[in-house]
Structure formats: structure tokens, C-alpha cells
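To start, the structure under review is shown below, and the notes come after it.
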Amino acid sequence: MPPLSGTGRSEKLFMGSRLAESGNVLETSSRQKAASGSKGFFTTRQLAESLGMSESSVKRWANEGKIGVVRTVGGHRRIPFDEALKFIRESGLCVIKPEILGLDYYTTPHKAGTEIEEVSKELHEALVVGDADTARQLILAEFYSGRSIAEISDGPVSYALNEIGTTWKRNEEDGIFIEHRAMDICFDIFRRLQTLLDPKTDRKLLAIGCAPNRDVYALPTLIASIVLLETGYTSVNLGAVTPLRILRRAAEEHQPNMLWIAMNALPEENPHDPIVDEIRELSESVKQWDAHIVLGGRGVPDSFRHAEWQSIRYMETMQQLADFSREQALAE
Ligand code: B12
């Protein structure tokens, strides 16, 4: 099933015989959800009500291609959850009744012109004092203002955690306490974003990734998986401390279009770190079906930073990952 999102938005048929003709393979459960009007698909009236706008405005936006819709057999528009969320973020409109769309923890977008530096400082302050509510509101307001996961991560989150990383050096006991609590808050927020962006419709592109072997840094690999979700992939994050042979096995079985390896642990002193060979072997293996391997993070060995090795690419930021994955999605 071609994706509904992105530039190729088109109206799809579902329910009944036209579904079969179009080769559309929506899950029965999704169709049931559509029929019952609950989360999954919305009517134009439901979206209008949640936004406090008229139904005719929503229909007009749908006709203009600003909202992706599918059609019932009877010809009525239905708006998939992913498309409603995309429209809300792109338009910057406020949702006044988030419960209609099942948007838990919805947060009003930031005022136009709010500087990302300001958000970064406020997030740092909230994380230092363990104010989870404020941290969540700051990040979700950025998200609903249309800021991408990559921008949020490379900006406020990276800034705030970098600052917190230096507190640890000044005062070890308090620093560790603050750092661990801040990480717990960040995991909670990004898990929510992951749930929101988890595709409700079929996708063609698959990515699998992890933090390898002894690498305990769990947040960057989680964020990479959400960046990929946002850019049109189905992504499977195997998490921290994943032996690379397990990633390789998963890759051989599922033949993903992309593999990411988030490397943030300090590299081994040993100049012949075995992980270098493991990554090269993985690269040999993926040649069989032509996948890309993306390496990112402060712990990427030098040997991969400066030259491209077969299918392996080093990326410094989540934005680079987002740009690359969008290019791949468009090429499909
Ligand atoms: C949280 C944290 C920990 C936690 C991790 C918990 C967990 N479950 O994840 C714990 C407590 C385990 C920990 C331990 C240690 N830590 Co620590 N830690 C951090 C901290 C504060 C945040 C890391 C983080 O998740 N950042 C969030 C990510 C999203 O942002 P980022 O790191 O800036 O990454 C950006 C890019 O690199 C890139 N990127 C990163 N990964 C990827 C992957 C892909 C695919 C792509 C495309 C891009 C990409 O995008 C990100 C921004 O969007 C950092 C501070 C910092 N500067 O980040 C220190 C930091 C990394 N830790 C440090 C140190 C020294 C340690 C310890 C050695 C401390 C000790 N003496 O025990 C141990 C070593 C642990 C180990 N076994 O390797 C140092 C490393 C110094 C260095 N020379 O590199 C730092 C920089 C703190 C500091 N300023 O001193 N740490």
C-alpha cells in the first residue's frame, strides 16, 4: 500500500469491494475503528470539532490536499490518525478538544517566533529540578508547533543533557542524581512521541537499529527510531547493549532498508576495536539486499568518520538522519 503521507498524498478506498479492487490491505481492526469512528480514522466533523472549526473548512482543506483522506465505499471522507496529526502540526492550529482525537497529553503549540534557544534553556532548568510536567510540555509544545523530532533532539534535548553532563563533573553525587532523573523524564517523553508517531497505516520502508555491545546509551537509539518513524519508516529499536550479531541476524531475517547503530560509549582504547570488524561484516552481509547502514554518535570509531565504507555512512546529527531517510522514502 503506497504511503498516504508525504508529497504523494492521495485518496484511498477502503471498506468493501473497492478495497479489494484497489489492493488496499487495511487491517480489519482499522476498518472496524473507522466504522465506529474511534481512534484510527476520523470523520471531517470529528476533526472540525476537535479544532473548533467548521466542517466545511476541514472539507476544503481536504480538497486542497492539506489533509490526507481515504474514502468509504459510500464516498465519505475519513481522515487517518497519522494524517490528522500531520495536519495539526503543519497548520499550527490549536486543538481545543484533544480527547476527540485521543491525543493524550496534548500541549498547545508555542507562540510563533519562540526561539529554540529559549526552549533549550527552559528545558535544562526543568530537567535540573526534576520538573517532569514542564519538560514534557516544553517538548510537546515544540512537537505540536511543527518542530521535527530531529530538531527537538539536536536542539533542546542535546543542549540540556550536555549541560547536565557537565554538572556531574562539578558535583559528582548531585550530578549523578540529576542526570539519572533527567534521563528518566526524557525517556518518558520520547516514548510518548513514539506512540503518537507509530504508524497506523502500512509502510514500505523498514529500519532496524540499536546501541551496540557494551553501549549503555539508550536515548539516542530510541530517538533515531522516532526520527525514522517521523520520516516514513517502520522502525524497530532493539535498544542499548545489543550484541551486533543479534542486529545482523535480525537484518538477515527481515532485510530492512536501513540499519542504524547509535554509538555513544567512549571508544575502546584498543586501536583494533573488534566492533570495527563486526560493522564491516554487517556491511558485507547487507550487500545481498542493498541496505544502508547509518552510524551516529560521539563513540563512532574514527575509521568510519572520514571515509565511506560500502553501505556505511557516518552522521553527526539526527537532522542528517532525517534528511537522508526522507530522500530514501521519496526514492521509493
Ligand atoms: C545520560 C548520560 C549517561 C547515562 C546513560 C543512561 C542511559 N540509559 O542512556 C549513564 C549514567 C549510564 C552514563 C555513564 C557514563 N558517562 Co555519560 N552521559 C550522559 C549524558 C548526560 C547524556 C547522553 C545522552 O543520552 N544524550 C542525548 C543525545 C540525544 O544527545 P547527544 O549525546 O548530544 O547526541 C547527539 C549527536 O551525537 C547525535 N547522535 C547521537 N547518537 C546518534 C545516533 C545516530 C544514528 C545519529 C544519526 C546521530 C546520533 O545526535 C544527538 C543529538 O540529537 C552525556 C552528556 C552529553 N553530552 O550528551 C554524558 C556523557 C556522554 N557521559 C560521559 C561520561 C564520562 C560517562 C562515564 C564514563 C561516567 C563514569 N565515570 O562512569 C560513564 C560511561 C558509561 C559507559 N559504560 O560507557 C561524558 C563522555 C565524555 C567524552 N569524552 O565523550 C559525557 C559527554 C558527559 C561529560 N560532559 O563528561 N552517562
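Brief remarks on what is shown
- Listed conditions (1) assigned to a helix (DSSP H, G or I); (2) of a type in the set (D, E, K, R); (3) near the ligand (Cβ under 9 Å from one of its atoms) are all met by ASP323, apart from (3).
- Residue among GLU308, GLU316 that alone is more than 21 Å from the chain's Cα centre (by Cα), surrounded by fewer than 21 Cβ atoms within 10 Å (Cβ to Cβ) and either in the same structural domain as ILE226 (by TED's automatic domain parsing) or at pLDDT 95 or above (or both): GLU308
- Among residues that are within 16 Å of the ligand (Cβ to nearest atom) and crowded, with 18+ Cβ neighbours inside 10 Å, LEU219 is included.
- Considered as a group, the residues in region 173-188 that are of a type in the set (Val, Ile, Thr) and more than 8 Å from the ligand (Cβ to nearest atom) include one that is farthest from VAL227 (Cα to Cα), and that residue is ILE178.
- Restricting attention to region 232-257, the residues being within 12 Å of the ligand (Cβ to nearest atom) and touching a helix residue (DSSP H, G or I) at 6+ places or on another chain (Cβ under 7 Å) number 4.
- Among residues of region 264-297, those that are among the aliphatic types (A, V, I, L, M) and over 26 Å from ALA331 (Cβ atoms), counted: 4
- Considering the conditions (1) within 25 Å of ARG249 (Cβ to Cβ); (2) crowded, with 20+ Cβ neighbours inside 10 Å, PRO301 is excluded by exactly one of them, (2).
- The residues of region 92-141 that are without any contact (Cβ under 8 Å) to a residue 60 or more places away in the chain and in contact with a Ser or Thr (Cβ under 6 Å, 6 or more places away or on another chain), listed by number, are CYS94, VAL95, LYS97, ILE100, PRO109, HIS110, ALA126, GLN137, LEU140, ALA141.
The values are calculated or read from the model by the stated rules, or taken from the named source; none is laboratory data. A quick note: this is a predicted structure, and the numbers were derived from the prediction, not measured. Because the Cβ atoms are built from the backbone with ideal geometry, glycine has one as well, and the counts that use them run over all protein chains shown.
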